[in-house]
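Asks: Before anything else, here's the structure in question.
What follows is calculated from the coordinates using simple rules that are stated; it is not laboratory data. The model shown is predicted, which means the values in this text are computed figures rather than measured ones. Don't worry about glycine lacking a Cβ; one is built from the backbone with ideal geometry, like all the others, and counts go over all protein chains shown.
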C-alpha cells in the first residue's frame, strides 16, 4: 500500500468516525424520547384503570410515580475512563484545515436536502463512499490548499507567541532587578550612613 493510499484510508477512517459519532448521538436522543413516551403511556394507563376497575389486576404495571422514583434512585454508573481537562483554545489561533470528507459534505448538503432526503447525514456518507478516486481529487486538492494555509498561519502565530513570551520574560526580569535594587543598599549608601553615624558619635 502506497503512502497516498494509506493517507486516503486514514481520511476515510476519520470520516467514518464522524458518522458513527453522529449515529450514537441520534441513538441517545431516541432513548430519551422513548423514556418520555413510556412515562406518558403509564400515565394514560393509570387514568384508564381508575375509570374502569375491571382493568385492574393483581400485578399491575408500575405507576408513573414508581417509574420516576426508580430513575431518581438508580445509582449512576460513572465512566471508568478519566476525563482530562481540555485547555481553552486561543481564539487567535488559526483555524484547522477541513478534511476532504467534510468539504464534500459542506458543498453537497444543500443539494441533498433540496432533493428531499430524510437522512442527509447518511446520504452524504453513502455519496462519499460511492465516489471514485478521480471524483475525490478536487476535495483532496482543496484540503491540501487549506492545510498549506494552516501551516503558514501557524508559523506566523508561533513566532508571535514566542516574541510575546520573550517580551514578558524580559519585563519580568527587569522588574526583579528593579525590586532588588530598591531593597538592597548600594556601597555609596553604606558609606554615607557610616559617615553620618561617625558625625553623630563625635558630637
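Asks: Sticking with the crude label model, points 7 Å out along Cα→Cβ, report the distance from residue 108 to residue 8 in nm, one decimal please.
Replies: Output for this residue pair reads 1.5 nm.
Asks: At 0.36 nm per residue, and after removing the present C-alpha to C-alpha distance, how many nm does the segment from residue 126 to residue 23 gain when stretched out fully?
Replies: Result for the pair: 35.7 nm of gain on full extension.
Asks: Would you mind putting 152-164, 12-24 in packing order, based on average other-beta-carbon counts within 10 Å, highest first?
Replies: 12-24, 152-164
Asks: Next question. Using 0.36 nm per residue, how much length does the chain from residue 45 to residue 72 gain when fully extended, once their Cα-Cα distance is taken away?
Replies: On the way: separation 27, 0.36 × 27 = 9.72 nm, distance 2.16 nm.
Using 0.36 nm per residue and subtracting the Cα-Cα distance, I get 7.6 nm.
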